[in-house]
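Engineer: Quick one: this structure, given as structure tokens, is what I'll be asking you about.
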Number of protein chains: 2
Amino acid sequence: MTSVHRFLRLTDPRRTDRERVVILGSGWAGYTVARELDAKKYQAVVVSPRSYFVFTPLLASTSVGTLEFRTALEPVRTRRRTNFSFFQGWADSVDFKAKKISIEEAVDDPASSLALTECRKEARKEREDEKRMETRKGKLFDLTYDKLIITVGCYSQTFGIPGVKKHALFLKDVGDARKIRSRLLACFEAAALPTTTDEQRRRLLNFAVVGAGPTGIEFSAELHDIIREDLARIYPELVPFHKITVYDVAPKVLPMFDEKLGKYAMDTFRREGIFIKTSHHVEELRPGAPGEKAKSGDHSVLTLKVKEEGEIGVGMVVWSTGLMQNPFVANALDGVKGLPKTFELLKSGSEKIDADSLHWKVKKDDRTGSIMTDSRLHIKLTTSDSESNSHAPEAILKDVYAIGDCAIIEGTSYPATAQVASQKASWLAKRLNKGDMDEAGFSFKNMGVMAYIGNWNALFQGSGGGNISGRTAFLIWRGAYLTKSVSWRNKILIPVYWMINWMFGRDISRF
Amino acid sequence: MTSVHRFLRLTDPRRTDRERVVILGSGWAGYTVARELDAKKYQAVVVSPRSYFVFTPLLASTSVGTLEFRTALEPVRTRRRTNFSFFQGWADSVDFKAKKISIEEAVDDPASSLALTECRKEARKEREDEKRMETRKGKLFDLTYDKLIITVGCYSQTFGIPGVKKHALFLKDVGDARKIRSRLLACFEAAALPTTTDEQRRRLLNFAVVGAGPTGIEFSAELHDIIREDLARIYPELVPFHKITVYDVAPKVLPMFDEKLGKYAMDTFRREGIFIKTSHHVEELRPGAPGEKAKSGDHSVLTLKVKEEGEIGVGMVVWSTGLMQNPFVANALDGVKGLPKTFELLKSGSEKIDADSLHWKVKKDDRTGSIMTDSRLHIKLTTSDSESNSHAPEAILKDVYAIGDCAIIEGTSYPATAQVASQKASWLAKRLNKGDMDEAGFSFKNMGVMAYIGNWNALFQGSGGGNISGRTAFLIWRGAYLTKSVSWRNKILIPVYWMINWMFGRDISRF
């Protein structure tokens, strides 16, 4: 018995004959399945670089202080030691045959709580090269599983645009929200200094949001709210200098909503003075004001280069344009070294084959690189290099599942949303709890989409096509997320903050 | 009219014939006087590197999550633009004759929200030498005053003990509290990893508190509370490894309380398993485990060298041993270049003198370096190098006041506490508002001292000598600080957090 397994037994005396389910990730998919697995049947072990779950729909609210950061978080560990153990670490590699994963511990990870934009190994190397900080790989340890559930999620996509990784702010994790809140207030405080010129003020208070999906739109709305409701009263002399612009390469905003709601959002934004620039292309983001050399010291003004507009001085760029495949999926889940007993051949092409002699790999979506699963969420294996070769032999691993943004059920096009991830997770937990995996596969039930568009207005598009906008949709938005929030702690704190901030304004202390 | 003054007029159209009172600092003294000055009579301008006031008695609670960080903060700027303006900056120098201070702007200061242990100029140079980050001096601007109130406070004293500045955590500002909360949880998470040995666990969960004054004692109590009430349930297997030790060079704890209460606190701590080591001397703090070379990578275990004990491996050291004079007081307020009209000679020694021809300097306490004031809080000038030369000519500046931890009234020994600072501030605001400065000078009214000692117990020592300990004192403690907390926002949030954390436990999400 290795020290890991001795330790797991120590921390969880009930481990006797239960199967161990290792869950990689603590996002919507991983956290949901971990909580819903029956602890009498399974010993669940969550492995994630984050020690908490982020309730992502409230992240934009926390980034401006409408809610406090912790109201959007649930720690993975709880006082009631319920059904799962937790190790803070990164999955490094998987041995499907030995049913074992290798984990790199990640307690002191410098990227902790921030959106991920590149493989941690590359980032580490970069930081070392710049000699900006010491970096070291965490210790590795192995963990065996009976069942493995891969819910590692996606990274933020920056399309290789120079400077974006380093100088843009993201909105995928709570550390991102904290950076935005701090930067926004710093921009106003710097603009309020007597040494700041009006031109610098205009740049510092020029906020660019790149990506007009729900995250970008909701953030812009929240940003507009804090400026109108709070900062305009605190810094009235600075109001004329501020500007919010949303950029997107696509010709329209909020593509998941129907035309009418999209137009309603655009009209609302226009009325409120938020600029929407669709079909615009960001080409670069660099420190320093336009025309000046980098780091000239103007309170970290940035220059955003837009193909259609040229160079623009901005105080902050919030980037929310899409997803990039997780390096773990791209690298660790590629070639399959050996096949476990739970390997099941689905089709063998034209002739009989010897599965063990073939070179198998995890089947992935050609376009997005997502892990392909069958409708029961088992990961698929293929011998072909490309999805499109439909004659190649295919198989599944009956003890390995993939759900959340990193996975897609072959033949479906369910979006990479919290709703899909948590439905898949609940479905999988139920099947595992009941042991009836061979029922009809998972199918997604669209519960509608929502977006907050500012000034106590929202959009709601029901699954049947019913559209609601305005104040009523806003009440549905708040009601839904309050109901969905996990802990009683947050169900109490969230309305308290809504009330307090409505009465007294958002807190602008910056630390 | 300079740009600063144009800007001040812009931000505050009421400026006509009001006197401008510049207040350096936003702590207990500065924030109180700024809020209480009559805006009809004075244009108050607060200059501080911090954009908020810290309600210090609650800081220890926030460092373990009993309260959320922001409940101990009040932003200097508010939605209701009341009686004062604010610039985020460091006072750099004063020209008493021209009645003008030079300010270095500090919006992007890297030391923002952390305890100060050395002059920012030295710290900047050090960071530059290590090439660890770019550093730059903020732009300077001048601000004239009619009256100047110096409330710059003190820095944390580290007595030049090697490694303390860099590796210890402090508890003087909200950023310190955040660092402590994060480090504490990281120590437990690292100890929970299967790759961590039992010896490493013992070191990671060994917490040292240096300084047995109220801050050190209250922090130890809060630390013990979170471990007993929360972490012991979340990590039951780790409880045997943890240890809390309070070190002090003095032979007893809580010197400001009388013998009986001090003994009660010691007994309580002993019963709860907190070790108190009085008459112990810390000699060094360095990264790495005892006997190993620095930075060996064991989740940043530290080695604390104590004269009486040798080298000890610890997970965290919280340092709260005392105060060091603010470099602004030490440097900027030394030689006086020229005398303003408000100069008033107090005694001229044995013969008649020509004040302008003498070399004047701000009079300071020989032992602490604090600014000496008269009982009306005017700063004193002297021509002597030492306080003890009682024959040297002395004077006051009638338009310059010093209050808070950086100042002391000559002939008194009021402690450097929030109570003294805020009483002086209120007294001064009242005098300035009424214009009756020549009344009897300030005298301190002791309202009693309190300290939380853990497990819902506290000490309270009334001004008349009445002593209360235990649960009743705890209720007084909570009641007093709830009443004293400034904004309605915090008066609501503080009891909400007390209740929520009592019901559900403290939040342990780490980001």
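Engineer: Please report the antiparallel percentage of DSSP beta bridges with both residues in chain A, rounded to the nearest 5.
Structural biologist: On the way: 48 of 83 bridges.
If I count the DSSP bridges inside chain A, around 60 percent turn out antiparallel.
Engineer: What relative contact order, as a whole-number percentage, does chain B give when Cα pairs under 8 Å and 6 or more residues apart are counted?
Structural biologist: Numbers: 1028 pairs, mean separation 85.1, N = 511.
Once divided by the residue count of chain B, the mean separation gives 17 percent.
Engineer: On a 0 to 90 degree scale, rounded to 10, what angle separates helix B:259-272 from the longest Cα axis of chain B?
Structural biologist: 40
Engineer: When ranked by the protection proxy of mean other Cβ atoms within 10 Å per residue, highest first, what sequence do the peptides A:452-459, A:475-482 form?
Structural biologist: Highest to lowest by the protection proxy: A:452-459, A:475-482.
Engineer: Within segment A:367-384, list the residues whose amide N lies under 20 Å from a label point set 7 Å along Cα→Cβ of residue A:354.
Structural biologist: Answer for segment A:367-384: A:382-384.
Engineer: For segment A:319-387, evaluate the Debye formula with one uniform point scatterer on each Cα (no solvent term) and list log10 I(q)/I(0) at q = 0.13 Å⁻¹, rounded to two decimals.
Structural biologist: Debye curve over Cα of segment A:319-387, log10 I(q)/I(0) at q = 0.13 Å⁻¹: -0.42.
Engineer: Let me ask something else about it. Any number yet on Rg/Rh for segment A:164-321, C-alpha, Kirkwood?
Structural biologist: Ratio of gyration radius to Kirkwood radius for segment A:164-321: 0.95.
Engineer: Shifting gears a bit: Which residues' amide hydrogens lie under 5 Å from the amide hydrogen of residue B:52, considering only partners 5 or more residues apart or on another chain, with H built in the peptide plane?
Structural biologist: B:76
Engineer: Thinking of the protein assembly as shown as a set of Cα atoms, what percent of all their pairs are more than 47 Å apart?
Structural biologist: 33
Engineer: Could you give the length gained on full extension between residue A:346 and residue A:436, defined as 0.36 nm per residue of separation minus the Cα-Cα distance, in nm?
Structural biologist: 30.5 nm
Engineer: Quick one: if you stick a label point 7 Å off each Cα along the C-beta vector at residue B:447 and residue A:263, how many nm between them?
Structural biologist: So the two model labels end up 6.2 nm from each other.
Engineer: Another one. What distance in nm separates the simple spin-label points at residue A:270 and residue A:502, each placed 7 Å from Cα in the Cβ direction?
Structural biologist: That separation, rounded to one decimal, is 3.1 nm.
Engineer: Helix A:471-484 versus the longest principal axis of chain A: what angle, 0 to 90°, nearest 10, using Cα atoms?
Structural biologist: 40
Engineer: Let me ask something else. Which cross-chain or sequence-distant (5 or more) residues have an amide H under 5 Å from the amide H of residue B:324, H modelled 1.01 Å from N in plane?
Structural biologist: B:155, B:156, B:157
Engineer: Tell me, what ³J(HN,Hα) does each residue in segment B:409-416 have, in order and in whole Hz, if you take phi through Karplus 6.51 cos²θ - 1.76 cosθ + 1.60 with θ = phi - 60° and put x for Gly and Pro?
Structural biologist: 7, 4, x, 10, 9, 4, x, 7
Engineer: In peptide B:185-197, what is the residue-averaged number of other protein chain Cβ atoms found within 10 Å of each Cβ?
Structural biologist: Partner-chain Cβ atoms within 10 Å, mean over residues of B:185-197: 6.
Engineer: So for the protein assembly as shown: antiparallel DSSP bridges make up what percent, rounded to the nearest 5?
Structural biologist: In the protein assembly as shown, approximately 60 percent of DSSP beta bridges are antiparallel ones.
Engineer: Based on Cβ point charges of +1 for Lys and Arg and -1 for Asp and Glu, what charge dipole magnitude is obtained for segment A:164-321 about its Cα centre, in debye rounded to the nearest 20?
Structural biologist: Here the size comes out at about 300 debye.
Engineer: For peptide A:68-80, compute the average count of partner chain beta-carbon atoms within 10 Å of each residue's beta-carbon.
Structural biologist: 5
Engineer: Among the listed pairs A:252/A:305; B:121/B:166; B:125/B:361; A:166/B:139, which have their C-alpha atoms separated by more than 23 angstrom in this model?
Structural biologist: B:125/B:361; A:166/B:139
Engineer: I'd like the Karplus ³J(HN,Hα) series for segment B:236-241: coefficients 6.51, -1.76, 1.60, θ = phi - 60°, whole numbers in Hz, and an x wherever there's a Gly or Pro.
Structural biologist: Computed from phi, the couplings for segment B:236-241 are x, 5, 9, 3, x, 8 Hz.
Engineer: Please list, in order along segment B:275-290, the HN-Hα scalar couplings obtained from phi with the Karplus expression 6.51 cos²θ - 1.76 cosθ + 1.60 (θ = phi - 60°), rounded to whole Hz, x for Gly and Pro.
Structural biologist: Couplings: 7, 10, 10, 7, 6, 10, 10, 7, 10, 6, 9, 9, x, x, 7, x Hz.
Engineer: With +1 assigned to the C-beta of every Lys and Arg and -1 to the C-beta of every Asp and Glu, and no other charges, what is the dipole magnitude of the protein assembly as shown about the Cα centre in debye, to the nearest 20?
Structural biologist: Details: 152 positive and 126 negative charges, 335 e Å.
Its charge dipole is roughly 1600 debye.
Engineer: Between residue B:437 and the same site in the other copies, what are the distances in nm, shortest first, taking label points 7 Å from Cα along the C-beta direction?
Structural biologist: 8.4
Engineer: On a 0 to 90° scale, report how tilted helix B:214-226 is relative to the longest principal axis of chain B, with both axes built from alpha carbons and the result rounded to the nearest 10.
Structural biologist: Once rounded, one gets 30 degrees.
Engineer: Moving on. If you take the square roots of the eigenvalues of the alpha-carbon gyration tensor of segment A:401-511 and sort them as a ≥ b ≥ c, do you get rounded (a/c under 1.5), prolate (a/b over b/c) or oblate?
Structural biologist: prolate
Engineer: Could I ask something else about it? Quick check on packing: order B:419-425, B:157-163 by the mean number of other C-beta atoms within 10 Å, highest mean leading.
Structural biologist: Highest to lowest by the protection proxy: B:419-425, B:157-163.
Engineer: Show me the ranking of peptides B:27-37, A:23-33, B:224-234 by mean Cβ neighbours inside 10 Å, starting with the highest.
Structural biologist: A:23-33, B:27-37, B:224-234
Engineer: OK, next. For segment B:164-321, give me the percentage of DSSP beta bridges that are antiparallel, rounded to the nearest 5 percent.
Structural biologist: Antiparallel bridges: around 40 percent, rounded to the nearest 5.
Engineer: Right, another one. Can you list the residues, at least 5 places off or on another chain, whose amide H is less than 5 Å from the amide H of residue B:378, using H built in the peptide plane?
Structural biologist: So residue B:378 has HN proximity to no qualifying residue.
Engineer: Another question, then. Given Cβ point charges of +1 (Lys, Arg) and -1 (Asp, Glu) and nothing else, what value in debye, to the nearest 20, does the dipole of chain A about its Cα centre take?
Structural biologist: Dipole magnitude for chain A comes out near 1500 debye.
Engineer: I would also like to ask the following. Give me Rg over Rh for chain B, both radii from the alpha carbons and Rh done the Kirkwood way, two decimal places.
Structural biologist: Across chain B, the Cα-based Rg/Rh ratio is 0.98.
Bear in mind these aren't lab numbers, they're just calculated from the coordinates by the rules spelled out. Remember, predicted model here, so these are calculated numbers, not experimental data. Using ideal geometry, Cβ is built from the backbone for each residue, glycine included, and neighbour counts are taken over all protein chains shown.
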